[in-house]
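Participant: One structure coming up, written as structure tokens, with questions to follow.
The values are calculated or read from the model by the stated rules, or taken from the named source; none is laboratory data. This one's a predicted model, so the numbers in the text were calculated from it and none came from an experiment. A quick note on method: Cβ atoms are made from the backbone with ideal geometry, for glycine too, and the neighbour counts reach across all protein chains shown. Ligands, DNA and RNA are stripped out before the accessible areas are found, and what is left, the full protein with its side chains, is counted by its heavy atoms. Shrake-Rupley method; radii C 1.70, N 1.55, O 1.52, S 1.80 Å.
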Amino acid sequence: MRKVFSKMDKPLLFVGLTFFLFGLVMVLSASSMESYMRYGYGPYHYFYRQAIFLALGMILFLIIIRIPTKVYQWFSYVFMIGIIGVLIVLTVYGHISNNAQSWFKIGGISIQPSEFAKVISIVFLSCYYGKNRENLDKIKTLILPIIPVMIIFGLILIQPDLGTALIVGLIAFLMFFSLPMPRKLLKRFQLFVIGILVCVIGVYVITDGKILKDYQKERFNFRDPCERYQEDSGYQLCNSFIAFKNGGFTGQGIGKSTQKYLYLPESYTDFIFPIIVEEWGLWVGILLILIYLFVIYRLYRIARRAINLQCSLMAYGVCVYVFLHVVINLVGVMGIGPLTGVPLPFLSYGGSYVISLMIALALAERVSIESSNQLKKKGRGRERKKVN
């Protein structure tokens, strides 16, 4: 295990673990009142559950960093077929919560398969394109693996879970356009994407937004939320603004948030960032954003230094995954864009997401390990040449 640890991206590892532990503390602070006052649980209910999820995620992390990336070539198709099958079953037997049929309820545990679909999509695309590296000048090779990912996108969209579907689609989109394909094909695909966007916007305008349900359209009404405080479209976001204002630059103090007293719904999940700013202050909020940028940089660095296309795409996909969650969550809770119900990496409560994120980080660290092994082999080869 020491040899494996020595080859990992240690800054990413230490920052990630610190982030998770800080998130655990903030889940306790943000959830204690709601757990007791709304659901009748003890104040430590969500803290204990999050700790268990982190422990399970860490076990998977330690297992995955020891599995060579080439092994996934054998299982990526099985993973993809499996998750599509699970999502189809979910449309019939899924548990409905927050207007979405996105969970399997097993005892007292809720499992959200769409969270794992993100990581599976990254593994599947990276394995397929890595295996077909020499045929990336053919349209069939480029398009074929996108089809099952779009099936996943559609199955998540009909739950309906617009935020998760958007992230799956954007992961595939950004991974696709990072491929070393010929310029002519790249331009054609760019024009194709522009055409699709124009069609989608056109359909939305022509139907006057009827393709979206009322509660979905409310999320796009994010300007001046405090003027609609009594309405669903303004209440949650206005309380988020109040939390930011209460925090000021230095914060109210750890555990002293007032908005977590049932004013701000989902205070320990999607809206944990406003609670952090309210208790710790704006300076910590800015620091967290800078740390996120550092994490994204380390993931991108791993992707750039990868030994082959499969490893590079795998690390890049994880980088995009984290980046999209950070941006979409913060844009929503700050009122810059629509709310999508996307958790904030490392900090938000959620079992499926925490485990999925741990798996994703383990994949990136495995790529880093294999890159270090390759560099050592090259170094030994040069030493042998000098001796000879």
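Participant: Cut-off 10 angstrom, C-alpha nodes, Gaussian network model of the chain. Which of Gly337, Gly317, Gly85 fluctuates the most?
Facilitator: Greatest mean-square fluctuation among the candidates belongs to Gly85.
Participant: Another question, if that's okay. Tabulate in residue order the Karplus-calculated ³J(HN,Hα) for the range 28-44, using 6.51 cos²θ - 1.76 cosθ + 1.60 with θ = phi - 60°, rounded to whole Hz; enter x for Gly and Pro.
Facilitator: These are the phi-based 3J(HN,Hα) values: 4, 5, 6, 9, 4, 6, 5, 4, 7, 7, 9, 10, x, 8, x, x, 9 Hz.
Participant: Measure nothing fancy, just the Cα-based angle from helix 45-64's long axis to the longest principal axis of the chain, in degrees from 0 to 90, nearest 10.
Facilitator: Helix 45-64 sits roughly 0 degrees off the main axis of the chain.
Participant: Given springs between every Cα pair under 10 Å in a Gaussian network model of the chain, which of Ala315, Ala362, Ala55 has the largest fluctuation?
Facilitator: Of Ala315, Ala362, Ala55, the most mobile in the Gaussian network model is Ala55.
Participant: In whole Hz, with x marking every Gly and Pro, tabulate ³J(HN,Hα) for the range 248-261 from phi via Karplus 6.51 cos²θ - 1.76 cosθ + 1.60, θ = phi - 60°.
Facilitator: Listing the rounded values in order: x, 8, 9, x, 7, x, 4, x, 9, 5, 9, 6, 6, 7 Hz.
Participant: Related question: Counting only pairs 8 or more residues apart or on different chains, how many lysine pairs in the range 91-207 have their Cα atoms under 30 Å apart?
Facilitator: Lysine pairs, 8 or more places apart or on different chains, close enough: 13.
Participant: With n ≥ 4 as the cut-off for DSSP H runs, can you work out [θ] at 222 nm for the chain, using -39500 (n - 2.57) per run divided by the number of residues, rounded to the nearest 500?
Facilitator: -23000 deg cm²/dmol, from helical runs alone.
Participant: Express the relative contact order of the chain as a whole percentage, based on alpha carbon pairs under 8 Å and six or more residues apart in sequence.
Facilitator: Rounded, it is 25 percent for the chain.
Participant: Tell me whether the range 226-267 comes out rounded, prolate or oblate; compute the Cα gyration tensor, take square roots of the eigenvalues as a ≥ b ≥ c, and use a/c under 1.5 as the rounded threshold.
Facilitator: oblate
Participant: Rounded to whole Hz and in sequence order, give me ³J(HN,Hα) for the range 164-169 from the Karplus expression 6.51 cos²θ - 1.76 cosθ + 1.60, θ = phi - 60°, writing x for Gly and Pro.
Facilitator: 5, 4, 4, 5, 4, x
Participant: Quick one: which residues, 5 or more positions from Thr269 or on another chain, have an amide H under 5 Å from its amide H? H modelled 1.01 Å from N in the peptide plane, none for Pro or chain starts.
Facilitator: Tyr349
Participant: Quick one: pull the percent of accessible area on the range 235-307 belonging to carbon and sulfur, 1.4 Å probe, ligands and nucleic acids left out.
Facilitator: Of the solvent-accessible surface of the range 235-307, carbon and sulfur hold 65 percent.
Participant: Sticking with this structure for a sec: Dipole of the range 220-283, Cα-centred, from +1 at each Lys and Arg C-beta and -1 at each Asp and Glu C-beta, to the nearest 20 debye?
Facilitator: 200 debye
Participant: Quick check for you: with a 1.4 Å probe and neighbouring chains kept, what is the accessible area per residue of the range 267-351, in Å²? Show your work: numbers first, answer last.
Facilitator: Numbers: 2640 Å² over 85 residues.
Counting only protein heavy atoms, the per-residue value for the range 267-351 is 31 Å².
Participant: In square angstrom, rounded to the nearest 10, how much accessible surface does Asp224 have for a 1.4 Å probe?
Facilitator: 100 Å²
Participant: So which residue, out of Leu179, Leu166, Leu290, gets the largest mean-square fluctuation from a GNM of the chain using Cα contacts under 10 Å as springs?
Facilitator: Comparing Leu179, Leu166, Leu290 in the GNM, the peak value goes to Leu290.
Participant: Taking only protein heavy atoms and a 1.4 Å probe, what accessible area per residue, in Å², does the range 1-155 have with all protein chains in place? Present the calculation step by step, with values, prior to reporting the outcome.
Facilitator: On the way: 8130 Å² over 155 residues.
That works out to 52 Å² per residue.
Participant: Continuing with the same structure: Between helix 232-247 and the chain, what is the angle of the helix's C-alpha long axis to the longest principal axis, kept within 0 to 90° and rounded to the nearest 10?
Facilitator: It is inclined by approximately 90 degrees.
Participant: Then there's this: At a 1.4 Å probe, what is the % contribution of carbon and sulfur to the accessible area of the range 1-142?
Facilitator: Reported share for carbon and sulfur atoms: 68 percent.
Participant: To continue, here is another question. Mind listing the long-range amide H neighbours of Gln259? Cut-off is under 5 Å, sequence gap 5 or more, other chains count too, H placed in the peptide plane at 1.01 Å from N.
Facilitator: Answer set, sorted by chain and number: none.
Participant: Which order do Phe47, Phe346 take when ranked by solvent-accessible area (1.4 Å probe, heavy atoms of all protein chains), largest first?
Facilitator: These residues rank, largest area first, as Phe47, Phe346.
Participant: For Glu231, Glu278, Glu266, what's the largest-to-smallest order of accessible area, 1.4 Å probe?
Facilitator: Values: Glu231 95, Glu278 0, Glu266 55 Å².
The ordering from most to least exposed comes out as Glu231, Glu266, Glu278.
Participant: For helix 146-157, what angle does its Cα long axis make with the longest principal axis of the chain, in degrees from 0 to 90 and rounded to 10?
Facilitator: 10 degrees
Participant: Rounded, prolate or oblate: which fits the range 224-336, taking a ≥ b ≥ c as square roots of the Cα gyration tensor eigenvalues, rounded meaning a/c under 1.5, else prolate when a/b beats b/c?
Facilitator: prolate
Participant: Sticking with this one: If the only charges are +1 at each Lys and Arg Cβ and -1 at each Asp and Glu Cβ, what is the size of the charge dipole of the chain around the Cα centre, to the nearest 20 debye?
Facilitator: Charge dipole, the chain, about its Cα centre: 2640 debye, nearest 20.
Participant: Which value, in Å² rounded to 10, gives the accessible area of Leu288 with a 1.4 Å probe and all protein chains present?
Facilitator: 10 Å²
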